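The values are calculated or read from the model by the stated rules, or taken from the named source; none is laboratory data. Every value quoted in this text rests on a predicted model; they were computed, and no experiment measured them. Glycine gets a Cβ as well: all are built from the backbone with ideal geometry, and neighbour counts include every protein chain shown. Quick note on the areas: whole protein, heavy atoms, side chains included, nothing else; ligands and nucleic acids left out. Shrake-Rupley method; radii C 1.70, N 1.55, O 1.52, S 1.80 Å.
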Amino acid sequence: MKDIYISDIKTNQELVSYFIVKSVAVKVGSNKKAYLDLLLADNTGEISAKKWDIADEEMPGLEKIKDGNVIKVKALVTEWNGMKQLRVSRIRQTSAEDNIDMKDYIKAAPEEPGAMYDYIYGKAEAFADQDLKRICIRQLEDNKEKLMYYPAAQKNHHAELAGLLYHVKRMLMMAEKACQVYTNLDPELVMAGVILHDMEKINEIESNELGISTGYSFEGKMLGHLVQGVRTIDRLSRELGIPEEKAVMLEHMIISHHYEPEFGSPKKPLFPEAEMLHYLDMIDAKMFDMQEAVEKTEPGNFSDRVWTLDNRTIYNRKDEKDD
């Protein structure tokens, strides 16, 4: 049974526990010896793990460990670059005798996938702009099956079961509020951008039905979801007869929403709705990562460094009743 969760472990603690494998690779260190590099997880988070100096006789068993396996490890909790890490001494595959309950290992969005899908679909269906309505509904219907479980990332924000739906839903909620303040914006264009901007993550990322990403597809590695998204919108716009200006604006919103070339965007936003899409995306990603950091941290303390938040340590304020 699962008795120790990632959110509870402390530096210098010795532990024996079960984790699900999110990624695994045999690598060679600077000492020319092979080591096992793992990303392990449970429903409270994830942690990097290393098994150093693998002996030749260990290799056949370790090579059988695959993404999505639940394994049992004996390890020491260490710290590297301000983040906890497991130094594994023993590792084994699990069997039916271990009585594994997958709910302990799968991180899932806090809302039911079907309800989130219906919310997003309902917003698209209510569009007065028939072009935006048709292309958004087409994308939602074409990808419905995978949307029920797909994460929004392999390791970063919303890397969880139905994380992509959760990301889009919260962005839509923010978009409606933002458009009430910034009345120059076309709310339907902003919301269409939200619905479409990350849809091609379904073809960029490889994921099983537990919402655990096993990496990136060939096309995902070569092109990325921004370029894949532009290709899809171009194809669908031609099929659906979307006017060229509107189609290009949607394509621009997708290709510019990462904002900087180093994050994949060759163009920065060139109209207000595209600019707003970028900030809605950033807000939801940063708030997700901050919430996760706070939830893993005792009140009155700072979290481990969070890579996606520029290696900041995030403070969890004390509850008033703790004073």
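The set of residues in region 115-162 that are of a type outside the set (S, T, N, Q), under 30 Å from L38 (Cβ atoms), open to solvent by 50 Å² or more (accessible area, probe 1.4 Å) and assigned to a loop (DSSP other than H, G, I, E, B) comprises M148, K155. Looking across region 268-296, just one residue is open to solvent by 80 Å² or more (accessible area, probe 1.4 Å), at pLDDT 95 or above and among the charged types (D, E, K, R), and that is K268.
Can you tell which of G211, G215, G229 is in contact with a strand residue (DSSP E or B) (Cβ under 8 Å, 6 or more places away or on another chain) and surrounded by 17 or more Cβ atoms within 10 Å (Cβ to Cβ)? Even if it seems obvious, please write down each step before you answer.
Numbers: G215 fails: surrounded by 17 or more Cβ atoms within 10 Å (Cβ to Cβ); G229 fails: in contact with a strand residue (DSSP E or B) (Cβ under 8 Å, 6 or more places away or on another chain).
So the residue among G211, G215, G229 that is in contact with a strand residue (DSSP E or B) (Cβ under 8 Å, 6 or more places away or on another chain) and surrounded by 17 or more Cβ atoms within 10 Å (Cβ to Cβ) is G211.
Summed over region 170-198, the residues that are out of contact with any Cys (no Cβ under 6 Å at 6 or more places or on another chain), open to solvent by 10 Å² or more (accessible area, probe 1.4 Å) and hydrophobic (A, V, I, L, M, F, W, C) give a count of 7. All of (1) in contact with a helix residue (DSSP H, G or I) (Cβ under 9 Å, 6 or more places away or on another chain); (2) modelled with pLDDT of 95 or more hold for S207 with one exception: (2).
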